[in-house]
Structure formats: C-alpha cells, structure tokens
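I have placed the structure first, in the form of structure tokens, so that the comments after it can refer back to it.
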Amino acid sequence: MAQVSATVPGGSWRQERSLERWQARRRWARAGITYCLMTFFGILFIGPLLFATISSLRTNPLDYPPSLIIPQLNPQNWSAAARLGVAGAGNRLWGGFEPGASVPFEVDYFVPEGRDIVPPEAIVPARRPGAGLGAVLEMDFAADYATVSELQETRREAGTLPPEEAGEDPIAGTFVSYAFNINYDTTGPDLDRLPLDVTSEARYVYLGSTLAASRIERRGRVASFDNVAPGVLGYIFHNYRRTINEARSITTGRSLFLRWMINSGIFAFFRVVGSVIISSMAGYALARLVFPGKSVLFVLVLFAQMIPLQVMFISNYLVLRDGIFGLTSLWGGGSLLNNLSGVVAVTLLNASGVFIMKQFFETIPREVEEAAMLDGTTHFQRFWLVVMPMARPAVGALTILTFQAAWNDFFWPFIILTTPEDIKTLPIGLLSFQNAYGGAGDWGIILAGAIMSALPIIVIFFVFQKYFLEGVSYGGSKE
C-alpha cells in the first residue's frame, strides 16, 4: 500500500513525520487484528480435529480430565519404548517379543511410614488386546512363553511425598525401586505384544516405571501395561495398530479395516471418474449445443437436485435386486445387491455436478471455440482439447465434492452392502467398530479409525486446492 504524505498547513516536518508514523501504526494494527482473527477461526475449526487426533493416541480417550499432555507424546517414553523394542525383538520402531529376548524393566514406589516394605508381584497376564473383534481371534499369548525374574531392590531412600502426588498433606515414608527381567527362554512364535501387571501392597503409591503404565487399577495397587516392548511407533500409534490388526475377516483372516478402506477407495474412484465424465459432457451439451427441449431438460436437472435419494431408495433397491431390469444377466451377472457396482450405479448420476459444469462452461468465451472451429475441429475435439483444459478449476472442485460425498456416503452402502463384512465400505465398517467396541468402553480404536478415515479427504483437498484458487482468479479476471 502506497504511503500518503499529507502537508499540514502551518505545521512542521515533525508533524508530518508524526502523521506518517500514526498511519504506519494503523496499518500494522489492522494487519495484527486480521492475523488474530484468522488464528482464532483456525483454532476454532481445526482445534476439535487436533484434540481428537491427540486423544486417539491415548490408551483410554475417556480418561478424565482431558488433556493435551499425554504419555504418548513424552520424548522420555519414546526413548524407553525404543530401547524396550530393541530388547524384545531388535526392532526399535514396532517392537515385539521373540525367542531369546530379555526385556529389562523397573518400577518405582513410595511406601508410607509404618508399613512393611514388600516387593510387588510382576506377572505376564494372558490378556487379549481389547474387546470386540479382538476378543474372538485365535492368538498366541506371551504368558505361555514369558518368565519374570525375581524382583531386585535397586534403591531405598527415606523422604517425603509432596502434596501434589500424595493428594493430601505431605506423607513421610520411603522411596523404593525394583528391577527385573522378562525372558523368552523357550522356542515359540514371534509375538507383537508383551503385557505386564505389577501388583503392590495396599497404600503403596506408584510413582513411575521404565515405561508409563497404561492404567492404574484396583485402587492403585495394580500398574497395568498393555505392551512393555512396543517400539517407539508401536507405543505412540498403539490404537492405530489395533485398528488394522484386530478387526479381521473370519473367512480370509485379512484386516477388515484395510479392506473397508480399499472398498471405499474403489467406490470413490469410479464415482469420481463417472461423475466428472458424465457431468462434463452433459454440462457442455447444455451450455453450448442447441437442440429441442434443452430448457426443459435443464429444468429437470434442477428438479433432480431437490429430490433426496432417500425418497427413491425403495424403487432403486428393487432395480438393483433385479439386476437393472435383468440387463446384468446378459453378461452372466445377477443381482447387484452386496456388490460395489450396485452402489456406484445408484450414485453415478450427479445433477449438482451437471449444474456446476454447465455454469462454468458458460463463463468460457465462445470465441475460443470459434477459433478452434476454423481449424476444422469437431464438437468432441473442441470439448476435449480446448474447453476441458480450461475447466480444470471446475473439475477440481467437482472432484473434491464427489470424492468427499462418496468416501463419507453411509445411506446407500448401508442399504445395499450387508454381507459379508469384507464387502462393506469404511463408514459402515466404523459402525461395526462402534457396535463391537463401544459397549465395552474401548473408544481408542474407534477414535483411531475415525481419524484414519478423515485423512484421505484432507489429502485430496490439499492436492486439488490450487484449482479452487485458479477458479477464483479466473472468475475475478472476467469483465
């Protein structure tokens, strides 16, 4: 912005300088207010997603009080998880427990004054990873192969527990530390989990351990660990790993979550490609071609936007059940129920996409096509070689909107795709997660699955966002 120099009648150069400084401060104040407002709205819209992402890393997202400072984001726990992963399976990233491993571990307690100091009991429980689908899978337990060495006292020091840890007035007593090893001495399978429970005497205060405890149970007596050899990524993304590994098909044994994501990707891909092709060609015909009934056809397109798919779901369901009036039998097919092609067939036509493309094509000057017509091009050549490259902003917008609608589509996949589990799309799969794990309060895996389902939408938006900017600049340059 060019500075405006004002001459003050009867004033001096100092007054002019003061006026310039005041104008400069006003510009900086406006910029600062704009920045603060943009930051506020950014936090307002991105904040819930960020908090949900951090909560998805917690062992139990429902722990109270909610906090952004969690053990999974503590660098000390990262370092400990990497060391334990190397000790358990030689893998600092994903950890594990393999034959010949010896995992060292240490726990710290505070024993109140007047109570005997008795070593806690450490055991490897036969614990399944969670509720729901993970509770019915055949698996090997670390408890069948692991042995825990005798706990050795490594420190004993008199002191006082401060009020923030005691929960009341300072308590005098003794700080005690114990060290032990978890060994895999026999031959057996490679395991990806090594759970641990350390049980202390009543009124002992758990202070910490080599790796932060997953939960404290039985009124503080039991420090429970889901995996003491996780590796750094296995520790941070524990719930995400469970999301992929626990939900498995009964028939194939493969990950259902990955299958659901692939199904949603296939559905979204064909829906985007079909919608872009059909909407572009239909929009170009309505914008450029002259034929009888064009106005009536455009009114029907607008009318189709007003009718929700739920109104027609019975008739469309019957059409898919019969194989599109029996036409699928011509190539050996049958009913399109429980088939991704049936979901694509129902949602392929997009009246909103036709409207978007028609309106954009009408902003392109006809002189561009007339120049190509002089070179002897056909309608299709002008459409494909001249008009479509100029319509990239509209195609990008249509791609994002269609992909988002297909990826998050719940109604039609829920009606058409019922069995088996392998054929379902991701929104229906997340409903299965909620039914399987929600009742048991195991929300970590549900939240992790929801965050993973949002990632493709975010990626697609960042890939195609430049076309939105092109559309704005293109529209702004028109007279």
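Observations on the structure shown:
- Residue check, residue 47 small (Gly, Ala, Ser), on the phi > 0 side of the Ramachandran plot and surrounded by fewer than 19 Cβ atoms within 10 Å (Cβ to Cβ): no
- Selection status of residue 349, open to solvent by 70 Å² or more (accessible area, probe 1.4 Å) and part of a loop (DSSP other than H, G, I, E, B): yes
- Residues that are surrounded by fewer than 16 Cβ atoms within 10 Å (Cβ to Cβ), within 42 Å of the chain's Cα centre (by Cα) and either outside any helix (DSSP H, G or I) or among the acidic types (Asp, Glu) (or both) do occur in segment 356-363, at least one of them.
- Restricting segment 134-183 to residues that are among the β-branched types (Val, Ile, Thr), modelled with pLDDT of 90 or more and closer than 18 Å to residue 200 by Cβ leaves a set whose member that is surrounded by the fewest Cβ atoms within 10 Å (Cβ to Cβ) is 154.
- Verdict on residue 242 being among the basic types (Lys, Arg) and buried (at least 16 other Cβ atoms within 10 Å of the Cβ): yes
- Scanning segment 430-455 for residues that are crowded, with 22+ Cβ neighbours inside 10 Å and either closer than 22 Å to residue 340 by Cα or without any contact (Cβ under 8 Å) to a residue 12 or more places away in the chain (or both) turns up 433, 449.
- Cβ-Cβ contacts under 6 Å between residues 6 or more apart (or on different chains), taken from a first residue in segment 392-404 that is in contact (Cβ under 8 Å) with a residue 12 or more places away in the chain to a second residue that is of a type in the set (Gly, Ala, Ser), are listed as 393/471; 398/353; 402/275; 403/268.
- Within segment 180-209, if we keep just the residues that are hydrophobic (A, V, I, L, M, F, W, C) and touching a residue at least 60 places away in the same chain (Cβ under 8 Å), the residue that is nearest to residue 81 (Cα to Cα) turns out to be 194.
- Complete set of residues in segment 299-329 that are surrounded by fewer than 16 Cβ atoms within 10 Å (Cβ to Cβ) and over 20 Å from residue 411 (Cα atoms): 299, 300, 302, 303, 325, 326, 327, 329
- In summary, residue 71 fulfils each of the numbered conditions (1) at pLDDT 85 or above; (2) open to solvent by 60 Å² or more (accessible area, probe 1.4 Å); (3) within 19 Å of residue 448 (Cβ to Cβ) with the single exception of condition (2).
The values are calculated or read from the model by the stated rules, or taken from the named source; none is laboratory data. Remember, it's a predicted structure, so these values are computed and weren't measured experimentally. Positions of Cβ are generated from backbone atoms using ideal geometry, with glycine treated the same way; all protein chains shown enter the neighbour counts. Each accessible area value is taken on the protein alone, full model and side chains, heavy atoms only, with ligands, DNA and RNA left out. Shrake-Rupley method; radii C 1.70, N 1.55, O 1.52, S 1.80 Å.
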